[in-house]
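Take a look at the structure below.
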Amino acid sequence: MPTRQLAADAAGVAEAGALLRAGGLVAIPTETVYGLGADAGNPAAVAGIYAAKERPRFNPLIAHLPDLDAARREGVFGPDALRLAQTFWPGPLTLVVPAAAGGRVCDLARAGLPSVALRVPGSALARAVLAAAGCPVAAPSANRSGRVSPTQADHVLGDLAGRIAAVLDGGPCPVGVESTIVACLDGPPVLLRPGGVAREAVEAVLGRALALPAAPAGAAPVSPGLLASHYAPRAAVRLDAAAIRPGEAVLLFGPTVPEGLGGAAASLNLSPAGDLAEAAAHLFAGLRRLDASGAATIAVVPIPDHGLGEAIRDRLARAAAPR
Ligand code: TXA
Ligand code: MG
């Protein structure tokens, strides 16, 4: 199937919406990363996501909605979830809440769970597509399983051309790391994945610290999609590198020049000014670019762990995990 490239205009939005409604797979730009969208109420379409990504198992997916009203038809919002939605939506926050009776998100998209992950994206273009589709849209990142998440349309085509109906080209994603996932079920809200909204901002709104997922040894992860090795470039990744070894590719952050940089095969600075939001926006494209240098290892200088640094460090730790 040839993959169509749709422009970010009214015709492209209408076409993307029509393809989604008809059960097609369409990659859509959000403010975080490009998502591989399908009608979340259509199990055959959702199954197509797993096939196109070659995802080995059915992880629950995030259902995307154009606004809070549409989200409230799919999930039950208690006071914490409602406050977070009202503060951070539209934006890079996903809320896991009890699935609503009569909601349209199918069992396969929820991986059989009684909860549902919901998000109203900050990208106006994405919300226009969601409104045109008129259905909740399940959308994991639009990459093949195990690869680096796409932040540009050409990343999507590199992984999925010929496997999906279309990609809507909205240019580079401004946030660059996936949404923060917070579960508001029974008990205190839990941080399932650090992401585009800093933990500190969520905690300030809740007036309390986020709990960590309970992960008893040997148990299945609470957020089943959070495999240790994920976001993996082909090269090995070496974290918190204080000195560079000859031939390594180097991911830099801030003005500090590490020892041995002169012998590097390639290098790229996520944010010479040391701005974590700028670094997040450049992270996945940077990993792809350094991977293309052919170096066997990408060395990463230390990155602070506050604000969006927590999400950046999380993605880099997954890229560095044994695989
Ligand atoms: O920024 C993003 O969130 C992007 C863009 C496209 O919106 N989407 C994304 O989707 O990252 P995905 O499928 O890669 O991540 C979904 C995560 C998985 O880790 C999954 O385990 C978790 O959400 N999740 C979904 N439903 C859940 C549920 N009911 N309970 C716990 N975790 C859930
Ligand atoms: Mg992903």
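Values in this text are rule-based calculations from the coordinates and carry no lab data. Not measured: the values here are computed from a predicted model. When we count neighbours, we look across all protein chains shown, and the Cβ atoms used for this are built from the backbone with ideal geometry, even at glycine.
Among the DSSP beta bridges whose two residues both lie in region 4-206, what percent are antiparallel, rounded to the nearest 5?
Given both bridge residues lie in region 4-206, the antiparallel proportion sits at roughly 55 percent.
What FRET efficiency comes out for A211 versus V76 if R0 is 25 angstrom and r is the Cβ-Cβ distance? Round to the nearest 0.05.
Once the sixth-power term is evaluated, E becomes 0.80.
On average, how much area does the Cα convex hull of the chain cover when viewed from any direction, in nm²?
15.8 nm²
Any idea what the relative contact order of region 39-118 is, in percent, if you count C-alpha pairs under 8 Å spaced at least 6 apart?
The normalised contact order for region 39-118 reaches 44 percent.
Would you pull out the residues with amide H under 5 Å of V250's amide H, same chain only if 5 or more places away, H placed 1.01 Å from N?
Here the answer is A266, S267, L268, A299, since their amide H atoms fall under 5 Å of that of V250.
Which ³J(HN,Hα) values in Hz, rounded to whole numbers, follow from the phi angles of region 91-100 under the Karplus curve 6.51 cos²θ - 1.76 cosθ + 1.60, where θ = phi - 60° and Gly and Pro get x?
Listing the rounded values in order: x, x, 10, 10, 10, 9, 9, x, 5, 7 Hz.
Indicate the helices, whole DSSP H runs only, in the chain that combine a mean Kyte-Doolittle hydropathy of -0.5 or more with a Cα extent along their long axis of 18 angstrom or more.
For the chain, where a helix must reach 18 Å along its axis and average at least -0.5, the hits are 276-292.
What is the distance in Å between the Cα centres of region 99-168 and region 40-55?
10 Å
At a threshold of 8 angstrom on Cα-Cα distance, excluding pairs fewer than six apart, so keeping six or more, what relative contact order does the chain reach in percent?
20 percent
What residue among P79, P43, A296 has its Cα farthest toward the positive end of the dipole of the chain, where the charges are +1 on Lys, Arg and -1 on Asp, Glu, each on the Cβ?
P43
What 222 nm value per residue comes from the helices of the chain, counting each DSSP H run with n ≥ 4 as -39,500 (n - 2.57) and dividing by all residues, nearest 500 deg cm²/dmol?
-8500 deg cm²/dmol
Amide H to amide H under 5 Å from A321: which residues, 5+ apart in sequence or cross-chain, H placed 1.01 Å off N in plane?
Result for A321 returns H230.
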